[in-house]
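Okay, so here's the structure we're looking at.
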Amino acid sequence: MRLAVWLALGLMVAGWAVPAWGQPPGVRTGEVIPRDVREMYDRGLQYLASKQDENGTWSTGGPEAGPGGTGLALLAFLASGEDPNYGIYSNVIRKALRSIVKEQDPTTGIMGSSMYHHGFGMLALAEAYGAVDERALWGGEKPPRSLAEALELAVRGAVTSQKKNPLGAWRYSPDATDADTSVSGAVLVGLLAARNAGIEVPDEAIDKAIRYYVSMTSEGGQVAYSGIGGFDDSLARASIGCLVYALARRKDLPQFAATTKFLTSRLEDGGGSAYPEYTRYYQAQALFQADVAAWEKWNKLLVRQLKPLQQSDGSFRGQWGPAFNTSMSLLALALNYKFLPIYER
């Protein structure tokens, strides 16, 4: 399974609608965050803040540069409840948001060089929308469009792409006629987050995408990558399938039960052998949505796995560039904070 073209090396795998933030920005949950999680997270954010380019992106030697990688790093700051308007990282957050909006095609609404970038960029816009004070976002610079306009345009771009696709899903190019469950997961989660933020997303678009996932899910809970068959034991794809069923409010589907069972029977598999950062990112969200007790058990294992991978500068060692590895690793830990709307059960 390839993750994306933009990950290189053949990685497989209208108006002010305020989203349902569980609490005001900058306020932590009442639950105690484990010390190891808090320390790892804070060091990781310090690293990301120190490596952000002046234009708001991260280009630390990995293939993640672009609105998708920028979006993931931005989400890492928002996910722990960092105040996007007055907090110590507010300037980092504003620069990242400006970068994502500027990279959006004003006609098609597509962000970046692939639909991976578009999906992760759309997710970041959705989670920031309603939490960021746009009066301070652009300073004296004239904005190309508001966050609401950018998010609406991104939704339109994703839906237009889907309408061109006979499978009702997405692939790397917005004009693709084939699809895969990895790219489609990035885009579909972005659409579901936009809907959660109050942006109109056609029910038909969500329903078509879920039908695609149903067709790609086996009775045993394995989720194929692309084409017919190929039901291997990919934790990443099973996690994506489980997550989109949950976020789309389709926990009634037998495929949700199957993917949940598949994941909960493999809690000690270590994040998958091929693409661990990507796998953990989705596994954390899927388990939290499907079975909190299983997530709690898995989360303790996750902390033990990640501690030795964090470097002295706060970055995380892994298969890809340090900014991507760090963002994905922090987001796997971010369920401990339970802050972003997309993490609500």
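The values are calculated or read from the model by the stated rules, or taken from the named source; none is laboratory data. Bear in mind that the values here come from a model prediction, so they are computed numbers and not experimental data. Using ideal geometry, Cβ is built from the backbone for each residue, glycine included, and neighbour counts are taken over all protein chains shown.
The set of residues from segment 214-225 being buried (at least 22 other Cβ atoms within 10 Å of the Cβ) and outside any loop (DSSP other than H, G, I, E, B) comprises Thr217, Val223.
If I filter segment 87-100 for residues that are of a type outside the set (Ser, Thr, Tyr), surrounded by 24 or more Cβ atoms within 10 Å (Cβ to Cβ) and not in a helix (DSSP H, G or I), do I get at least one hit? Among the residues of segment 87-100, not one is of a type outside the set (Ser, Thr, Tyr), surrounded by 24 or more Cβ atoms within 10 Å (Cβ to Cβ) and not in a helix (DSSP H, G or I), which makes the answer no.
Restricting to segment 47-80, and then to whatever is farther than 19 Å from His118 by Cα and over 20 Å from the mean Cα position of the chain (by Cα), can you tell me which residue is modelled with the lowest pLDDT? Among them, the one singled out is Gly61. All conditions in (1) surrounded by 16 or more Cβ atoms within 10 Å (Cβ to Cβ); (2) closer than 30 Å to Lys163 by Cβ; (3) modelled with pLDDT under 95 hold for Ile228, with the sole exception of (1). Report yes if Ala128 is of a type in the set (A, V, I, L, M), surrounded by fewer than 21 Cβ atoms within 10 Å (Cβ to Cβ), within 20 Å of the chain's Cα centre (by Cα) and closer than 21 Å to Leu333 by Cα, otherwise no. Criteria not met by Ala128. In segment 275-290, the condition of being touching a helix residue (DSSP H, G or I) at 6+ places or on another chain (Cβ under 8 Å) and farther than 17 Å from Met328 by Cβ is met by at least one residue. Scanning segment 192-213 for residues that are hydrophobic (A, V, I, L, M, F, W, C) and either farther than 21 Å from Gln283 by Cβ or surrounded by fewer than 15 Cβ atoms within 10 Å (Cβ to Cβ) (or both) yields Ala194, Ala197, Ile199, Val201, Ala205, Ile206. Regarding segment 133-141, can at least one residue be identified that is surrounded by 15 or more Cβ atoms within 10 Å (Cβ to Cβ), within 26 Å of Arg211 (Cβ to Cβ) and not aromatic (Phe, Trp, Tyr)? For segment 133-141, residues surrounded by 15 or more Cβ atoms within 10 Å (Cβ to Cβ), within 26 Å of Arg211 (Cβ to Cβ) and not aromatic (Phe, Trp, Tyr): absent. Please tell me if Ile240 is in contact with a helix residue (DSSP H, G or I) (Cβ under 9 Å, 6 or more places away or on another chain), under 18 Å from Gly71 (Cβ atoms) and part of a loop (DSSP other than H, G, I, E, B). Criteria not met by Ile240. Whenever a residue of segment 36-48 is part of a helix (DSSP H, G or I), its partners that are of a type in the set (Lys, Arg), lying with C-beta atoms within less than 7 angstrom and at least six residues away or across chains, give the pairs Asp36/Lys307; Met40/Lys307.
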